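Working notes for the structure below.
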Amino acid sequence: MKRPTYTSASFIKKVFRPGERSLPRNEFLERLDQTLREADVVTPAESMLQEVLAHPAGPVRIGRSEAILELTYAPHQVFDLAYRFMRETHLPRSLDQIIPELRKRTSFSWNQVSRMLELERDPRFVQYEGDPRWYLVDWKLANDLLYTFAVERKFQQLALRSYGHVLEVYLGLNAKEYVFLPEMDDRFQVEGEVVYIRSQAEETTGDAHQAEAAATLAAEAASADVPVEPVEAEAADAPVAVEAAHAAEATETDAPQVEAADEQNEAQVPEATEETDETESTEETDESTNEGNNASTITIEAKEELGMNTTLTKPVLHEVDELLKKAVALLETRNHDMGQEVVNNFQQSNMQAIEELMQEKWKNEQLVQGIQQVLAAIGQ
């Protein structure tokens, strides 16, 4: 069954305890093997280590000798700021969400931050398989706790935003130490802001039915000396065969009763025919009335829709056209003003500010080009 699982590099990071920067290889493998067993991961510890060592941006490397493993992390303020940002928000973040925040807090450009911020090396950040977001290694997974709580209380659903309330009020835990990942767990089904709980019976029902069908078909094939067909084809034909057998038995058993019932039905045919005629005439009258009402309603709705479209479309398009033209004028004015700013920064040898202005100018030009294409489409 699908469960949230750390990536190989994240498993390697969790082996190191706070403050440790290197470990003997034997002790490292023992800890890693225990961590993998607790997470029900069957990959051998040595294989996972070799996989991570082969990655150029991996979190560990060979130390002074083959018997020593050490972290590749080098402290820097951008790592500390990213860690502080995620601690404050208590939300998993992707690099595209972290970098803009770091640019606000530092004087580095986008390229500088993205080049320095190698979270693969920092042991404080981990990832889950199939999720591009980063998590803090201190955060614990609340999936098992919430699933057990919901099953014991016989809850069929939970509000996605209420998991912190459940952890603190009902389980007495600090919600800031936990994260909830229902979309990566087969025991939960997320629909909007609601998380539906799947019971253990629902998880195993499908597998149990398939196993029973396969065993039954294999036994029948063996007793009849017939080659076993694929399970899906047999399962599709089985209901048809069962219904045919029941129909044959019912025909043989109920034959005398059917003859007696036919004699009684013949005497009641005239009365039933009269009632049927009256019912049919009433239904036809109602249907004709409803059809007339529906036709008039559809006609009125169509007229209203046409009227709304013809009266509102032109003013809205005209307003959009004016707003887009104003946006183009503002962007072009900004580009013109940036020319003098570039000259001033060049005289002061402020190359970083010049780089930021050039990036802003390029973005503005792209926006102007896109807006002009939209204006051309509106004109057509």
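The values are calculated or read from the model by the stated rules, or taken from the named source; none is laboratory data. Keep in mind it's a predicted model, so treat the numbers as computed, not measured. Because the Cβ atoms are built from the backbone with ideal geometry, glycine has one as well, and the counts that use them run over all protein chains shown. Accessible surface areas use protein heavy atoms only, side chains included; no ligands, DNA or RNA. Shrake-Rupley method; radii C 1.70, N 1.55, O 1.52, S 1.80 Å.
Which whole-Hz ³J(HN,Hα) couplings does the stretch 367-376 yield from phi under the Karplus relation 6.51 cos²θ - 1.76 cosθ + 1.60, θ = phi - 60°, glycine and proline marked x?
5, 4, 4, x, 5, 5, 5, 5, 4, 4
If you count only protein heavy atoms and use a 1.4 Å probe, how large is the accessible surface of TRP362, to the nearest 10 Å²?
150 Å²
Given the options THR43, VAL15, PRO4, identify the residue whose Cα lies farthest towards the positive end of the charge dipole of the stretch 1-74 (+1 on Cβ of Lys, Arg; -1 on Cβ of Asp, Glu).
PRO4
Got a sec to turn the phi values of the stretch 94-105 into Karplus ³J(HN,Hα) couplings, 6.51 cos²θ - 1.76 cosθ + 1.60 with θ = phi - 60°, whole Hz, x for Gly and Pro?
Per-residue couplings from phi come out as 8, 4, 5, 8, 7, 4, x, 5, 5, 5, 5, 9 Hz.
Can you give the net charge of the other residues whose Cβ lies under 12 Å from the Cβ of VAL368, counting K and R as +1 and D and E as -1?
+2
Once ligands and nucleic acids are excluded and a 1.4 Å probe is used, how much of VAL190 is accessible, expressed in Å² to the nearest 10?
Counting only protein heavy atoms, VAL190 exposes about 60 Å² to solvent.
Ignoring ligands, DNA and RNA, what percent of the accessible area of the stretch 113-166 is carbon or sulfur (1.4 Å)?
C and S atoms contribute 50 percent here.
Quick one: net charge of PRO4's neighbours, Cβ under 15 Å, K/R +1, D/E -1?
Every neighbour counted, the sum reads -2.
Report SER47's accessible area, 1.4 Å probe, all protein chains in place, as a number in Å² to the nearest 10.
Surface accessible to solvent at SER47 totals approximately 70 Å².
Restricting attention to the stretch 27-120, which GluC sites (Glu not before Pro) occupy a DSSP loop and are surrounded by at most 13 other Cβ atoms within 10 Å?
Sites meeting the loop and neighbour criteria: GLU66.
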